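The values are calculated or read from the model by the stated rules, or taken from the named source; none is laboratory data. Remember, predicted model here, so these are calculated numbers, not experimental data. Backbone-built Cβ (ideal geometry, glycine too); neighbour counts: all protein chains shown.
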Amino acid sequence: MSDLEGDRLLRVATRDDIPAIAALIEASVRGLGPPHYDARQIESSLAYLFGVDTDMIDDGTYFVAEERGEIVACGGWSRRRTALGGDRATPYRDDSLRDPATDPAVLRAFFVHPAYARRGFGRFLVEASEAAARAAGFGSYELVATLPGLPLYRVLAYREVGPLDVELPDGVTIPTVLMRKP
């Protein structure tokens with residue numbers, strides 16, 4: 001556990017947090033997605049892509065940030081090859097492990113409740129995830145950024161590798177950006 005400041009707390013997520021994380025993800029996508037994504041993209045991404053990743057929770061690499069006991073942000077890192085999506089995003093899942101000697105750790109599944117956006121939670125989660133991945137032997141990081149997250153990742157020295165359009169099972173495309181940080 002780590003104290004952010006005052007009534008703020010950062011801790012490793014548990015399975016008991018799943019309902020709160022699921023509600024947070026939905027609120028974040030619906031609240032911060034516009035104007036970057038239209039209503040069809042938002043609904044499709046919630047149906048097929050974004051959601052809780054229980055592998056990350058079980059691996060102990062997913063964090064939640066709380067303020068006054070309420071989960072207001074989440075995100076983490078993974079040693080698995082899966083680059084995006086929650087449990088239901090089966091076309092994008094690859095649970096094989098990355099090699100810290102040659103592969104970057106993947107930072108994933110960052111969501112902030114709209115009422116708490118731009119208050120330092122995203123930055124703190126990214127920095128905590130990088131530190132944990134570094135402690136596990138990884139020397140570089142990559143992530144697939146949604147468009148609302150691009151400004152934060154740029155400030156944190158992530159560089160754009162290129163656009164990555166994610167086509168969902170219903171034919172809707174979600175524009176994202178592959179980013180890396182050495």
### Summary
Checked the range 41-97 for anything over 21 Å from GLY137 (Cα atoms) and among the basic types (Lys, Arg); matches are ARG68, ARG88, ARG93
### Task
Collect the residues in the range 46-59 that are surrounded by fewer than 23 Cβ atoms within 10 Å (Cβ to Cβ) and either closer than 19 Å to ALA117 by Cα or of a type outside the set (A, V, I, L, M) (or both), keeping them in residue-number order.
TYR48, GLY51, THR54, ASP55, ASP58, ASP59
### Task
State whether the residues of the range 157-165 include one that is buried (at least 16 other Cβ atoms within 10 Å of the Cβ), of a type in the set (Phe, Trp, Tyr), at pLDDT 95 or above and not in a loop (DSSP other than H, G, I, E, B).
no
### Summary
Of the residues in the range 60-91 that are touching a Ser or Thr at 6+ places or on another chain (Cβ under 8 Å) and surrounded by fewer than 16 Cβ atoms within 10 Å (Cβ to Cβ), the one that is nearest to LEU178 (Cα to Cα) is ARG81
### Task
Having 3 or more residues that are of a type in the set (S, T, N, Q) and at pLDDT 95 or above is the bar; report the helices (runs of 4 or more DSSP H) wholly within the range 1-108 that clear it.
39-48
